[in-house]
Amino acid sequence: IGFYVERLKATKDPALKKKIDDSINQDRWDNDWPKLKKTTQDFEVRQAMLMKLFEAFADNPALSYQVGGLQNYFHYFFSLQDEKETREEEDALEFQFFSEILSGLLGNLQSSLPGQQVLAKLAAKESDSNGDGNFWRTITGSVITV
């Protein structure tokens, strides 16, 4: 709301400016808004840093394929991609666990614009000549064909 009010206060329309000034407690605005604005801007800086870290964790070959990297984790931790003649209950439980981890990792990213942008960037990235380097390919390659 503060950013909206800030834009309204910048109007050159004298009638609108008067309505805004009459509707806003100027002392509170002058004291509270700068603090709230700084807090919001600090949050956005931290959020951008977190998105860069997640993107590196998920898709930077120098990190993601190393121990602790997301692609390494999905490739070696789950046995869902192993060829088996029959699937057992243990495989279904592993698939459930895989789905819960994936949902936890990606679900929260969908709730913010910067997170949605990171997901879109990861989804749009092409694989290299070996078929590696694509976050979505790594994840779906970890799952059995149903």
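Each principal axis of the Cα cloud of segment 1-47 was taken in turn, and the coordinate range along them, longest first, works out to 39, 20, 12 Å.
Among Leu63, Leu113, which comes first, then next, by fewest other beta-carbon atoms within 10 Å?
Leu113, Leu63
Computed on segment 2-141, with alpha-carbon pairs under 8 angstrom and 6+ residues apart, the relative contact order is 19 percent.
Scalar couplings 3J(HN,Hα) for segment 26-43, obtained by applying the Karplus form with A = 6.51, B = -1.76, C = 1.60 to θ = phi - 60°, are 5, 4, 5, 4, 5, 8, 8, 4, x, 5, 5, 5, 5, 4, 5, 5, 4, 4 Hz; x denotes Gly and Pro.
Please compare each pair in Lys12/Lys121; Lys12/Lys35; Lys9/Lys38 to a cut-off of 28 Å on the Cα-Cα distance and tell me which ones are over it.
As for pairs spanning more than 28 Å Cα to Cα, those are Lys12/Lys121.
For segment 1-81, the alpha-carbon radius of gyration amounts to 1.98 times the rule-of-thumb value 2.2 N^0.38 Å expected for a compact globular protein.
Residue by residue, segment 6-14 carries 3J(HN,Hα) couplings of 4, 5, 5, 5, 7, 5, 9, 6, x Hz when phi is fed to the Karplus relation 6.51 cos²θ - 1.76 cosθ + 1.60 (θ = phi - 60°); x denotes Gly or Pro. For segment 2-141, the mean projected area of the C-alpha convex hull, equal to one quarter of the hull surface, is 13.3 nm².
The ranking of Val67, Val118, Val45, Val5 from fewest to most other beta carbons within 10 Å of each one's beta carbon is Val67, Val45, Val5, Val118.
Readers should treat all values here as calculations from the given coordinates under stated rules, not as data from a laboratory. All values reported here derive from a predicted model rather than from experimental measurement. Reconstructed Cβ throughout: ideal geometry from the backbone, glycine too, with neighbour counts over all protein chains shown.
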